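S.K.: Sharing a structure below in structure tokens format, with a few things to ask.
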Amino acid sequence: MTPTTKNAKKKRNEFVYFALRNTKLKVGAVVVITFLIVAMLGTLFTEFEPREYVGPMSEAPSSEYWFGTTFFGQDVFTQFVVGLRATFMVGAIGGGLATLIGMLIGFVAGYRGGAVDESLNVVTNIVLVVPSFAILIIIAAYLEVRGLMMESIFIGLTAWPWTARAIRAQTLSLKSREFVDMARISGMKPMRIIFTEIAPNMMSYLVMAFILQFGGSILIAATLDFIGLGPTTGISLGLMMQNAVNWGALQLGLWWWFIPPGAAIAAIVGALYIMNVGLDEVFNPKLREM
Amino acid sequence: MRRYFGRKLLIYLVTFFLAVTIDWMIPRFMPGNPVQNMLARASVRPEAAEAMYGYYTKAFGLDVPVWKQYLNFWVALFHGDLGTSVYLFPQPVSKVLRESIPYDIFLLLPAILLSWWAGNKFGAFAARTKRLDNTLLPIGYILTATPYMWLGILLAWAFGVVFDIFPIAGAYSFSMQPHWSWAFVWDVLKHWFLPFASLFLVGFGGWAIGMRNMIIYELEADYSHYMEALGAPRKLVRKYAFRNAILPQVTGLALQLGVIVAGALVTEVVFSYPGIGYLLLAAIQNQDYFLIQGCFLFIITGVLLANFLIDIVYVIVDPRIRRGMVGE
């Protein structure tokens, strides 16, 4: 075993050590994993379909209808569980895609510099300032039937700019380091340098960017669903809130209809953000001494 | 500094150009005949439909080539002509927008600026103050993770329905006519408070957290330790940390604008607050493409202008840019 790999291994152990002792990281992870389990196994506890009219209208939570029923007599728990699944999917696909695009553009712009950097910068700035939901209105008008996948991809395609900016800045500071110079002198191809020399050195950064994008995508999706620009098929937490508001759940006092979906989103995204602070403390020794 | 503004201005111009082009495409590239679709969906009276069909075909200039339509659109735009609303026929879109814009400014400007200011102050104050930090952190994260409309729904339900303190629909009571009197002003303020509070709270959480994290980074920087070692009072060290930490927060404000605008949109929907967001939703639901076009244009211009203002502020707060030490 060479000294460097030994060092790397030691460092990894150190991260695990601090990760297991970081309360923020642990609490955040427990909340997210709990919701993930509910999303995956929740449908086992219900025999209804999300949009099926199954019971009495506007009934408060009971042993039969755990989260009550909607104004139309749909089971809120079923909608909640299925919506939760959609939430995680949008987060994973949308957030993943946004991180991936942000990484690619950030790496290339930062490493190449010059005209490539300038032009990518212009593109980044444009995507940054055009409100993405405005474009979605147009897409929504074109596609009468839209799925969850389309929404996730759209979010991924519009949410990447800040990640690209941050990664570009990191790449800029890394590319003048000696080990990158060494790689360049030894004739390594730029793409290989980026992925074997630069990317591993900012892994913590990439993980954190993904977590933030995951949470951000969930929030964007909820907003889009709420104004009716989300998927036209299936159910989601944003859609539940839209239905609740449209059908007067507020005035009728059907709190069980609109509280669970928003609370779940706030809890998941909040937990992700708190996990992120925890991770920051794990990776950055300066922040640890608290 | 000239280079800095030159580049920024170029990007804004290109963005504006692209955005207007997309805007132009909204009604023209809809599947099928947009005019026919629109009139069928709007289900207006037959005589009105005929007049409108004639009007729109002429407004589209469907007999002239596409490039000319595009040029005409720009010319009309600079004359403030955005077409006629279908949903609020026969009002011109520009007039409909003009009626909504004051509500948006009235709601958004205080919410954005106050939450930014208060969040930064509070975040800086709470950083490294053990007890505040332990309470602020979770609350701030939950607030910033809360979907705007859900907080709006909660506030509306709690204060509008359960406690019945605040009204939850419209910008003023239906029984009132806009006029200058204390009763009316009070009524408007009461309608304004809950939408404002929900926008403010979500923003406040985010800024407080951001500032708290930035301050901790700055307090761990070498210059802070150096100042501490020299025996500088804690207050002075924090002051310098704050000045450095405020820069990313200014940039953050520019980055967040799109999200805030979307948040304002859904908040207006929850409270039926008659701003651009509420109008846009009505336009989408009624397939009123000209109104959508107008709202879109307003939002784009507003976001671009705000970005430009933030760039100017950045020059004021960051001496390095003023002295031309960094390009961007």
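The values are calculated or read from the model by the stated rules, or taken from the named source; none is laboratory data. In this text the structure is predicted, and so the values were computed from the model without any measurement. Reconstructed Cβ throughout: ideal geometry from the backbone, glycine too, with neighbour counts over all protein chains shown.
S.K.: Being over 18 Å from the mean Cα position of the chain (by Cα), outside any loop (DSSP other than H, G, I, E, B) and within 29 Å of B:F16 (Cβ to Cβ): is that true of B:Y70 here?
M.R.: yes
S.K.: Where in the stretch A:183-286 are the helices (runs of 4 or more DSSP H), entirely inside, with at least 2 residues that are closer than 19 Å to B:I260 by Cα and in contact (Cβ under 8 Å) with a residue 24 or more places away in the chain?
M.R.: Correct list: A:203-226, A:255-283.
S.K.: Of the residues B:D81, B:D104, which single one is of a type in the set (D, E), without any contact (Cβ under 8 Å) to a residue 60 or more places away in the chain and closer than 22 Å to B:I299 by Cα?
M.R.: Of the residues listed, the single one that is of a type in the set (D, E), without any contact (Cβ under 8 Å) to a residue 60 or more places away in the chain and closer than 22 Å to B:I299 by Cα is B:D81.
Rundown of residues vs (1) within 14 Å of chain A (Cβ to nearest Cβ); (2) modelled with pLDDT of 85 or more; (3) assigned to a loop (DSSP other than H, G, I, E, B); (4) over 26 Å from the mean Cα position of the chain (by Cα), yes/no style:
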position	(1), (2), (3), (4)
B:S224	yes, yes, no, yes
B:R238	no, yes, no, yes
B:V250	no, yes, no, no
B:L253	yes, yes, no, no
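S.K.: Within the stretch A:43-67, track down each residue that is among the small types (G, A, S) and under 29 Å from the mean Cα position of the chain (by Cα).
M.R.: Within the stretch A:43-67, none qualify.
S.K.: Are any residues in the stretch B:84-117 out of contact with any helix residue (DSSP H, G or I) (no Cβ under 8 Å at 6 or more places or on another chain) and charged (D, E, K, R), and if so, which ones?
M.R.: Scanning the stretch B:84-117 gives B:K95, B:R98, B:E99.
S.K.: Specify which of the listed residues (B:A156, B:A183) is within 29 Å of B:V270 (Cα to Cα) and surrounded by 12 or more Cβ atoms within 10 Å (Cβ to Cβ).
M.R.: Testing whether each residue is within 29 Å of B:V270 (Cα to Cα) and surrounded by 12 or more Cβ atoms within 10 Å (Cβ to Cβ) leaves just B:A156.
S.K.: Then there's this: Restricting the search to the stretch A:251-263, which residues are crowded, with 22+ Cβ neighbours inside 10 Å and either more than 10 Å from chain B (Cβ to nearest Cβ) or modelled with pLDDT under 90 (or both)?
M.R.: Of everything in the stretch A:251-263, those that are crowded, with 22+ Cβ neighbours inside 10 Å and either more than 10 Å from chain B (Cβ to nearest Cβ) or modelled with pLDDT under 90 (or both) turn out to be A:L254, A:W256, A:W257, A:F258, A:P260.
S.K.: Ok, one more. Would you kindly identify the helices (runs of 4 or more DSSP H) lying entirely within the stretch B:74-172 that contain at least 3 residues that are within 14 Å of another protein chain (Cβ to nearest Cβ) and more than 18 Å from B:L280 (Cβ to Cβ)?
M.R.: Here the list reads B:130-145, B:148-155.
S.K.: OK, next. Considering each of A:M208, A:M275, A:M241, A:M202 in turn, give the residue that is aliphatic (A, V, I, L, M), over 23 Å from A:F35 (Cα atoms) and out of contact with any Lys or Arg (no Cβ under 6 Å at 6 or more places or on another chain).
M.R.: Going through A:M208, A:M275, A:M241, A:M202 in turn, the sole match is A:M202.
S.K.: Take the residues in the stretch B:112-153 that are among the aromatic types (F, W, Y) and surrounded by fewer than 24 Cβ atoms within 10 Å (Cβ to Cβ); name whichever of them is nearest to A:P261 (Cα to Cα).
M.R.: Filtering first and then ranking leaves B:W116.
S.K.: Next question. What about A:I218, is it crowded, with 21+ Cβ neighbours inside 10 Å and either within 27 Å of A:A164 (Cα to Cα) or aromatic (F, W, Y) (or both)?
M.R.: Criteria met by A:I218.
S.K.: Could you list, in sequence order, the residues of the stretch B:286-305 that are more than 9 Å from every other protein chain (Cβ to nearest Cβ) and either surrounded by 19 or more Cβ atoms within 10 Å (Cβ to Cβ) or in a helix (DSSP H, G or I) (or both)?
M.R.: Within the stretch B:286-305, B:D288, B:F290, B:L291, B:Q293, B:G294, B:L297, B:F298, B:T301, B:G302, B:L305 meet the criteria.
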